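I'd like to ask some things about the structure below.
The values are calculated or read from the model by the stated rules, or taken from the named source; none is laboratory data. Computed from a predicted model, the values in this text were never measured in an experiment. Positions of Cβ are generated from backbone atoms using ideal geometry, with glycine treated the same way; all protein chains shown enter the neighbour counts.
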Amino acid sequence: MGQLAVAFVTMTLGVLACAGYFYGSNALLDVIFPSKNRPPEVVARNLRIVNQVRPWLFLGPALLLLFFYLFYPVVQSVILSFYGRTGEEFVGLDNYLWLFQSGEFLESFRNNMLWLIVVPTLSTFFGLIIATMTDRIWWGNIAKTLIFMPMAISFIGASIIWKFIYEYRSGGDEQIGLLNALVVFFGGEPQTWIQIPFWNNFFLMVILVWIQTGFAMVILSAALRGIPDETIEAAVLDGASGLQIFFRIMVPQIWGTIAVVWTTITILVLKVFDIVLAMTNGQWGTQVLANQMFSWLFQGGGDYGRSAVIALVIMILVVPIMVWNIKNANAEMEGR
Amino acid sequence: MVTSKKGSALTMVVHATVLFLVIMWTIPTAGLFISSIRDKDQLSVSGWWTALSSSEQKIVYRTPDADSEIQENGLYVLRGNLLEGGSGKVVKFGISSLKPEAFEPGTETQDRRGVTFKIMANGDYEVTSDKSFRRGVRIFYTAEVPPRFTLDNYRTVLSSEGLGQSFINSLTVTIPATVIPILIAAFAAYALAWMKFPGRALLIAGVVGLLVVPLQMSLIPLLTAYSKIGAIFGIEAKGYVGIWLAHTGFGLPLAIYLLRNYISGLPGEIIESARVDGASDFVIFRKIILPLSFPALASFAIFQFLWVWNDLLIATVFLGNTEESLVLTGRLRELLGSRGGNWEILTASAFITIIIPLLVFFGLQRYLVRGLLAGSVK
Amino acid sequence: MKKSTLSMFIALSLASTTNTWASQDELIFKPGADTRFNWASFEQLKAIDLSGQELTVFGPWLGSEKERFDNVIAYFAKATGAKVSYAGSDSFEQQIVIDAQAGSAPNISIFPQPGLAADLAAKGLLTPLDAEDEAAVKKDYAAGQSWVDLATFKDQDGNNEFYGVFYRADLKSLVWYSPDNFYDAGYDVPETMEDLKALTEQIAADGGTPWCIGLGSGAATGWPATDWVEDLMLRTQPADVYDQWVKNEVKFDDPRVVGAIEEFGWFAHNDAFVDGGIKAVAATDFRDSPKGLFASPPKCYMHRQASFVPAFFPDEIELGIDADFFYFPSYADKDLGNPVLGAGTLVSITNDSEAAREFIDFMRSPIAHELWMAQKGFLSAHLGANPELYATETAKKQGEILRYATTFRFDASDLMPGKIGAGAFWTGMVNYSNGDSAESVAQEIQKTWDALK
C-alpha cells in the first residue's frame, strides 16, 4: 500500500502545484493592482496594467513548456541539419543535396502526399457521418464506443491486428488472413497485400483511418452537441428534411471544427511512423518521411544531420496549414 | 436530438449505415479478442473466425515412451487417447508423415518396423510391438474438434511479476500528464481566444507549427538538458516530474489548438456582459469558460489519456526501464521476449491495456452530455 | 466504476509488494555443490568489495532470457555486495543511442550487434578496456584473436581500442529438420553442399517441399536472408574475401558477392523448393516459418536458422526427438574447410565505474558462462567453461561446433554500418526474393553504401 500512497501523493502534489500557480499568480496580480475601493484614476490605471499582464500569466506556463520542449529542439534540428552524422563536423548544404538526390526521399514524398490526401479525408468523412447518425439512434452510445475502440489500442497492438488481416498463405494452404480468406471464398487468388506495389500504401492507410475515425467522431460529436436545439427545431418546423438539416445547418455550424479535425489529422499523418515501421519498415515502396527520419536517427548509431533535414522537410510541409490558420484567426479577431 | 418525422425510411437507412460501419470497425478488434482466447499454436495455422466453428485439425501425436508401456502376451503395448480427454472425433489417421490420412479409424495397420497401430474414432489407441519402445512413436490423425478456448494467455499476463507495480507507475505517469496539460492549455486557449494582446495571431500560428514537430527529434536534446539540470541540483535525470512535463510539452500544441477552437466558438455575449459586470478574466474563466467547455475538455482528456497510457517511447526515455520504473506498456513488451514471438501474449495484453482507456471513455462520456446541458441553459 | 477500479487498484498493489531485489539473494545453483562448475572464479570474486555501489546494466534480453541473466547477475551481486540492476528493451538499439548521447547511459551495455558498439565508440561514448582484458579474451576464448578483433574499434581520434567482451554466442550455420520425417521418406542427412542440393532436388521430385524460408520480421524483414547469403559467401569464397566484403573492400556488386546471392536464389527462387512458393518467402514471418517442419503432412523438410530458433517451435516439440539439426554443409569440391557463421552479444562499458570494470572481469570469467549454460539457451566460446554443463544435448553439440570451428566468422550484417547491415541489405534481400535480379539488388546496396560518409 505504501507504493500506492506515494504515487497518490506525488500525483496530487503535481496537479496542485500547477493549479496553485494559476490561483496564486492571479490573486497576486489582483492584490498588487487592486481595482476595488481605490480612486477611479488608480483603478483605471491598475485595470489597464492588469489587462496587459494577465494574458501572459495565462499563457506563461504554456509558452515556457512549448519553448523548451518543442521550439528549442526545432532550433537544434535546424543547426544540426548543417552538420555531419555525429553533429560535430560542419558540412554546409551536403545533407540537403543528399536528400534531394536520394530516390528514397522522392518515394517517401510521393507516398506522403497520398497519405495526406486519403487519410484526413476519409477519417473526417467517416467521423462526421458516424457522429451525426449516432445522435439519432437509441444505441448511438454503444456504436460510438465500438468505433472509438481502435483509438484505445496501441499502435503495436493495431499492427498485430492488421497483420492477421493481410496475412498471406500460398494457394493450397488455409488462409489465416481475413482478407485472403474472403478472396479465396469468392474464388479468387490470394494476394500478398502489403507487397503489391503502389496499392500497398492504401492498405497501410486503412489502418490509420481505422484508428483516427474515433478521434474525428469524438471531437465532431462534441461540436454537434453545441448546436443550439432551437436552430434545428426551427428548421424542422420549416419542413426541412434530415439531409437538408445536415448539409444546410449542421455542417456550416461546425465548419470550424471540421477544419480543426482535418488539420489535426493531417499533421498526425505527417508525424506517424509506427504503422509503416511495424508493417513494412518502408519496404516494397511504402516509405514515408517520418519513418525515413526515424531510421536515419537511430539506425547504426544514428545520423543527426540527415534525420534533421528530413524533419525540417516535414515541418516545412505544414507551412500552408499554418498560413491558413493565421488567416482564420485574423478573420475571427476582426469580427470581435 | 430531434428526429425527422417523415423520415422512417431515413431512420432505417441511418440504422443500417451505422450498423454497417460499426461492423466494419469492430471486425479487426473482434479478431484480436478471439485470437487472445485461442490456443497459441492455433494462432498461426488457422484463421480466428474458424475458432468459433468446429474445425478439422491435422495433428501429429507422439506416444509416451518405454516408461508407460505394459507387457501383454510377450508383446509391448502402449495405450492411451489421442485427444487426451478433450472432446472431438478422429476421422482419419496415418502412421507416416507421407500419408497422414491413409486409414479410417477402427482399422489396424502395421509399419516397417513391425509395430501394429489400432486407432478408434474416439481417440483411443493401442500400439503393439515385439520390442520395447525406445521412444514414443508418432501417430498422425485428423480430428473434428469443437471450438476450444483458453484463458491461459490472460493468466500468463496477469500473473507476471511486477505487473501491479507497473500498473501503478502507469497511473502515476498518466493522471498528472493528462490533468496538467489540460489546465495549462485551457488558460492559454482562453487567452488566445478572448484576450486582446499583441502577437496573438502569430502565437496561434506558432502553436499550429509546433504541432508537427516530430518528438523523436526532441528526445536527445531534452534528455541532455535533463541530465545537465539533474547534475546541477544533484537529482536523478529520470523521474516523474520530468516525464509529466515532457508529456505536457508534447501534448500542449494539440490541446491548445483544440481548446482554442472550442472556446472561441462560445457565445461572446456572456463574456462581454460578465466583463461589463466587472468580473476579471480569471473569474470569467473559472465561472463561465470552464463549465461551458466541459465537452471539449473531456474529449481532449480522453485523447491525452490514451496517448500517455499507450506510450512506450517517452516513458522509457524519460523514466527509464528499470524494475521499479517500468510502465505497463513496457512490462507487457517484456513478456514478448527478445524476439517478440509471443503473439498470443500480445493479443491478451492489448486487451488488458485497453480496459482502463475504455473505462475512462465511458466515464467521460457522461460529461460530454453534461457540458451540452450547461451550454443550452445559459 | 469507481468502486471496481479501486478494488482492482488494491488487489494489484498488494500483488506488487514483492521486493525486486529479493531474487538476487537466492542463487539457483548452490556455490560449491555441483563440482562441474568453476567455483574458484566465484570465490575470487568475493575478494572484491563493492558494497554500497550501484551498477546498471542495459541489454536486449527480455522475458525468460532476462530471468536467466538475472540469475547470473545474482552471483556477482552476492559475492561483491554491489547492487546490480539489469533492464532489457526490445528497442535497445534506439534507446542506447539516446541515452549515450544524452549522457545518461547505464554503466554496462550489452550490444546485440558489434556494429552499433563501433558507431558509439567512434563518437567517444564507450570506455576502452585495459590490455589485461584483451589478453584474457585472446587466451580464454576459442579462436580468441577473432573475438578480440571483433571488439576492437576506432575511437573518437581514430585509434584502435579494445571495447568489450563477448558473452553468449549464436550459431547460425544450422539446418533444422525432423528426423522422423527424414526416416519416413528415406532421406539421409547430407554431408556436403552437393548432397544438400541433390537432396533438395530429390525431395521436390518426390512431391515434397524441401525448404521453409520466411524473411518476415516486422521492421527487420529480410534479415534471415542475409544469414543465408553470408553462409553461402563463406562456402563459395575464402574467408578473407568475406572479411573484405564486410569492410566493403570487396564491393557489394562484386561478382563474388552476386554469386553468393544467386546461390541463395538457387534455394529460394524456385517455386518447387520453398513452402508456399517464391511469393511466400518474404511474406512469411520467420517465427512462423519453422512450424512447417512439424505440420501434418510436413510443409517442408528443412529450415536453415540460428541456434535460437527452437524458441519458436510448437510447445510439444522435444529437441533431439521431434527436431534436430545438422551443420549447413560446405562444398566438397571447394577447399574452404568447414566455416561456421555465428553472432554474439558484446558487453561494454558505457559509463565507467569501479563496479563496471569488475563486472566486465566477471563476464569473461568461466563461471559467468557456466551459470547460463547450465540454464538454457546459451552457447559459449569460452574455453574455460565446462561443456558438460550445457543443459541439453542439442546445446552441447552446438557448443562443440562453435568450439572446434576452424573458420569462424561473425554475422556480416551485424558488422556492416547500420544503414547497410540493418537496412539496405535487408531491403535488398526482400527485393531479391520478390524477383529483382541479384546484380541490380547488389548495385542498389552498393549505391547506399557509397552514399554513406
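Each row is one residue, and each column tells you yes or no for (1) over 30 Å from the mean Cα position of the chain (by Cα); (2) within 25 Å of B:Leu222 (Cα to Cα); (3) of a type outside the set (A, V, I, L, M).
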| position | (1), (2), (3) |
| --- | --- |
| A:Thr10 | no, yes, yes |
| A:Ala27 | yes, no, no |
| A:Ile79 | no, yes, no |
| A:Phe82 | no, yes, yes |
| A:Asn95 | no, yes, yes |
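For the range B:249-274, how many residues are of a type in the set (S, T, N, Q) and under 42 Å from the mean Cα position of the chain (by Cα)?
Step one: filter the range B:249-274 for residues of a type in the set (S, T, N, Q), giving B:261, B:264, B:273.
Then drop every residue that is not under 42 Å from the mean Cα position of the chain (by Cα), which leaves B:261, B:264.
Number satisfying all stated conditions: 2.
Run A:Arg136 past the list (1) within 7 Å of another protein chain (Cβ to nearest Cβ); (2) assigned to a helix (DSSP H, G or I); (3) not aliphatic (A, V, I, L, M) and report the number of the one that doesn't hold.
So A:Arg136 meets the others, but not (2).
Among the residues of the range C:302-319 satisfying the criterion of being closer than 21 Å to B:Val45 by Cα and assigned to a loop (DSSP other than H, G, I, E, B), which is farthest from the other protein chains (Cβ to nearest Cβ)?
C:Gln305
Can you tell me which of (1) among the aromatic types (Phe, Trp, Tyr); (2) out of contact with any helix residue (DSSP H, G or I) (no Cβ under 7 Å at 6 or more places or on another chain); (3) more than 10 Å from chain B (Cβ to nearest Cβ) is the one A:Trp98 doesn't meet?
(2)
Name the strands (runs of 3 or more DSSP E) wholly within the range B:73-139 that hold at least 3 residues that are not hydroxyl-bearing (Ser, Thr, Tyr)? Show your work before the answer.
Details: elements: B:75-81, B:89-94, B:108-110, B:116-119, B:124-129.
Filter on the range B:73-139 gives B:75-81, B:89-94, B:116-119, B:124-129.
Within the range C:384-400, is there a residue that is without any contact (Cβ under 8 Å) to a residue 24 or more places away in the chain, among the acidic types (Asp, Glu), closer than 21 Å to C:Ala311 by Cα and assigned to a helix (DSSP H, G or I)?
The answer is yes; a qualifying residue exists.
Restricting the range B:153-170 to residues that are without any contact (Cβ under 8 Å) to a residue 60 or more places away in the chain and out of contact with any helix residue (DSSP H, G or I) (no Cβ under 7 Å at 6 or more places or on another chain), which is nearest to the other protein chains (Cβ to nearest Cβ)?
Of the residues in the range B:153-170, the ones without any contact (Cβ under 8 Å) to a residue 60 or more places away in the chain are B:155, B:159, B:161, B:164, B:168.
Within this subset, residues satisfying the condition of being out of contact with any helix residue (DSSP H, G or I) (no Cβ under 7 Å at 6 or more places or on another chain) are B:155, B:159, B:161.
Working: B:Arg155: 13, B:Ser159: 9, B:Glu161: 6 Å.
Ranking the qualifying residues of the range B:153-170, first place goes to B:Glu161.
So is A:Thr231 at pLDDT below 85 and either assigned to a helix (DSSP H, G or I) or within 10 Å of another protein chain (Cβ to nearest Cβ) (or both) or not?
Numbers: at pLDDT below 85: yes; either assigned to a helix (DSSP H, G or I) or within 10 Å of another protein chain (Cβ to nearest Cβ) (or both): yes.
Yes.
Can we say A:Ile321 is within 29 Å of A:Ile130 (Cα to Cα), touching a residue at least 40 places away in the same chain (Cβ under 8 Å) and surrounded by fewer than 22 Cβ atoms within 10 Å (Cβ to Cβ)? If you could, list the steps in order and put the result at the bottom.
Numbers: within 29 Å of A:Ile130 (Cα to Cα): yes; touching a residue at least 40 places away in the same chain (Cβ under 8 Å): yes; surrounded by fewer than 22 Cβ atoms within 10 Å (Cβ to Cβ): yes.
Criteria met by A:Ile321.
Here are C:Leu379, C:Leu341, C:Leu371, C:Leu346: which of them is touching a Pro at 6+ places or on another chain (Cβ under 7 Å) and at pLDDT 90 or above? Lay out the reasoning, then the answer.
Values: C:Leu379 fails: touching a Pro at 6+ places or on another chain (Cβ under 7 Å); C:Leu341 fails: touching a Pro at 6+ places or on another chain (Cβ under 7 Å); C:Leu371 fails: touching a Pro at 6+ places or on another chain (Cβ under 7 Å).
Just a single option satisfies the conditions, and that option is C:Leu346.
Conditions tested, residue by residue: (1) closer than 23 Å to C:Trp147 by Cβ; (2) under 21 Å from the mean Cα position of the chain (by Cα); (3) free of Cβ contacts under 8 Å to residues at least 24 places away in the same chain; (4) surrounded by fewer than 22 Cβ atoms within 10 Å (Cβ to Cβ).
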site	(1), (2), (3), (4)
C:Glu318	no, no, yes, yes
C:Phe325	no, yes, no, no
C:Pro329	no, yes, no, yes
C:Asp335	no, no, yes, yes
C:Ile349	yes, yes, no, yes
C:Glu354	no, no, no, yes
C:Phe359	yes, no, no, no
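Within the range C:198-206, does at least one residue satisfy the condition of being part of a helix (DSSP H, G or I) and touching a Gly at 6+ places or on another chain (Cβ under 8 Å)? Break it down stepwise before answering.
Taking the range C:198-206 first, the residues part of a helix (DSSP H, G or I) are C:198-205.
Then keep just the ones that are touching a Gly at 6+ places or on another chain (Cβ under 8 Å); that gives none.
Within the range C:198-206, none of the residues are part of a helix (DSSP H, G or I) and touching a Gly at 6+ places or on another chain (Cβ under 8 Å).
For the range C:122-137, name all the residues that are in a helix (DSSP H, G or I) and within 9 Å of another protein chain (Cβ to nearest Cβ). I'd like the intermediate steps shown before the answer.
Residues of the range C:122-137 that are in a helix (DSSP H, G or I), as a first pass: C:122, C:131-137.
Within the range C:122-137, C:Ala122 is the sole residue that qualifies.
Take the residues of the range A:264-314 that are aromatic (Phe, Trp, Tyr) and within 20 Å of the chain's Cα centre (by Cα): which is nearest to the other protein chains (Cβ to nearest Cβ)?
Filtering the range A:264-314 down to residues aromatic (Phe, Trp, Tyr) leaves A:273, A:284, A:294, A:296, A:298, A:304.
This time we only want the ones that are within 20 Å of the chain's Cα centre (by Cα), so: A:273, A:294.
Details: A:Phe273: 8, A:Phe294: 6 Å.
Selected residue: A:Phe294.
Taking the condition of being within 23 Å of the chain's Cα centre (by Cα) and either buried (at least 19 other Cβ atoms within 10 Å of the Cβ) or β-branched (Val, Ile, Thr) (or both), how many residues in the range C:47-65 meet it?
Total meeting the criteria: 9.
Any idea which of B:Leu202, B:Leu192, B:Leu183 is assigned to a helix (DSSP H, G or I), more than 14 Å from chain C (Cβ to nearest Cβ) and either surrounded by fewer than 16 Cβ atoms within 10 Å (Cβ to Cβ) or at pLDDT below 85 (or both)?
Numbers: B:Leu192 fails: either surrounded by fewer than 16 Cβ atoms within 10 Å (Cβ to Cβ) or at pLDDT below 85 (or both); B:Leu183 fails: either surrounded by fewer than 16 Cβ atoms within 10 Å (Cβ to Cβ) or at pLDDT below 85 (or both).
B:Leu202 is the lone residue from the list that is assigned to a helix (DSSP H, G or I), more than 14 Å from chain C (Cβ to nearest Cβ) and either surrounded by fewer than 16 Cβ atoms within 10 Å (Cβ to Cβ) or at pLDDT below 85 (or both).
How about the range A:110-120: which of its residues are in contact with a helix residue (DSSP H, G or I) (Cβ under 8 Å, 6 or more places away or on another chain) and surrounded by fewer than 19 Cβ atoms within 10 Å (Cβ to Cβ)? First the steps, then the outcome.
Within the range A:110-120, the first condition is being in contact with a helix residue (DSSP H, G or I) (Cβ under 8 Å, 6 or more places away or on another chain), and the residues that meet it are A:111-112, A:114-116, A:118-120.
Correct list: A:Leu114, A:Leu116, A:Val118.
Taking A:Ala27 as the residue in question, decide whether it is among the small types (Gly, Ala, Ser) and either crowded, with 16+ Cβ neighbours inside 10 Å or under 22 Å from B:Ala189 (Cβ atoms) (or both). If you could, list the steps in order and put the result at the bottom.
Details: among the small types (Gly, Ala, Ser): yes; either crowded, with 16+ Cβ neighbours inside 10 Å or under 22 Å from B:Ala189 (Cβ atoms) (or both): yes.
Criteria met by A:Ala27.
Residues being touching a Phe, Trp or Tyr at 6+ places or on another chain (Cβ under 8 Å) and either touching a residue at least 40 places away in the same chain (Cβ under 8 Å) or closer than 24 Å to B:Glu344 by Cα (or both): count how many of those fall in the range A:176-195. Don't jump to the end; show me each part of the working.
Here is the first cut: in the range A:176-195, the residues touching a Phe, Trp or Tyr at 6+ places or on another chain (Cβ under 8 Å) are A:176-181, A:190-195.
Next, from what is left, pick out any that are either touching a residue at least 40 places away in the same chain (Cβ under 8 Å) or closer than 24 Å to B:Glu344 by Cα (or both): A:176-181, A:192-195.
Within the range A:176-195, residues that are touching a Phe, Trp or Tyr at 6+ places or on another chain (Cβ under 8 Å) and either touching a residue at least 40 places away in the same chain (Cβ under 8 Å) or closer than 24 Å to B:Glu344 by Cα (or both) number 10.
Out of the helices (runs of 4 or more DSSP H) lying entirely within the range B:273-356, which hold 3 or more residues that are under 22 Å from A:Leu146 (Cα atoms)? Outline the logic, then answer.
Details: elements: B:281-284, B:294-310, B:313-319, B:328-335.
In the range B:273-356, the matching helices (runs of 4 or more DSSP H) lie at B:294-310.
Looking only at the range A:140-187, filter to residues that are among the charged types (D, E, K, R) and within 14 Å of chain C (Cβ to nearest Cβ); which one of those is farthest from the chain's Cα centre (by Cα)?
Narrowing the range A:140-187 to residues among the charged types (D, E, K, R): A:144, A:163, A:167, A:169, A:173-174.
Then drop every residue that is not within 14 Å of chain C (Cβ to nearest Cβ), which leaves A:163, A:167, A:169, A:173-174.
On the way: A:Lys163: 24, A:Glu167: 28, A:Arg169: 35, A:Asp173: 40, A:Glu174: 39 Å.
The extreme case among them is A:Asp173.
Let me ask something else about it. Is it the case, given these coordinates, that B:Arg148 is at pLDDT 85 or above and away from chain C (no Cβ under 12 Å)? Before you say what the answer is, go through the steps one by one.
Details: at pLDDT 85 or above: no; away from chain C (no Cβ under 12 Å): yes.
Taking the combined requirement at face value, the residue does not satisfy it.
Check A:Arg85, A:Arg48 and return the single one that is within 14 Å of chain B (Cβ to nearest Cβ) and touching a helix residue (DSSP H, G or I) at 6+ places or on another chain (Cβ under 8 Å). Show your work before the answer.
Working: A:Arg48 fails: touching a helix residue (DSSP H, G or I) at 6+ places or on another chain (Cβ under 8 Å).
Of the residues listed, the single one that is within 14 Å of chain B (Cβ to nearest Cβ) and touching a helix residue (DSSP H, G or I) at 6+ places or on another chain (Cβ under 8 Å) is A:Arg85.
Give me a count of the residues in the range C:280-290 that are part of a helix (DSSP H, G or I) and touching a Ser or Thr at 6+ places or on another chain (Cβ under 6 Å).
So the count comes out to 4.
Next question, about the same structure. Suppose we filter A:Val91, A:Val15 for residues that are touching a residue at least 40 places away in the same chain (Cβ under 8 Å) and either in contact with a strand residue (DSSP E or B) (Cβ under 9 Å, 6 or more places away or on another chain) or of a type in the set (A, V, I, L, M, F, W, C) (or both); which single one remains?
Values: A:Val15 fails: touching a residue at least 40 places away in the same chain (Cβ under 8 Å).
Exactly one residue qualifies, and that residue is A:Val91.
Looking at the range B:38-48, which of the residues that are modelled with pLDDT of 75 or more and touching a helix residue (DSSP H, G or I) at 6+ places or on another chain (Cβ under 7 Å) is farthest from A:Trp162 (Cα to Cα)?
Looking at the filtered set, the residue picked out is B:Arg38.
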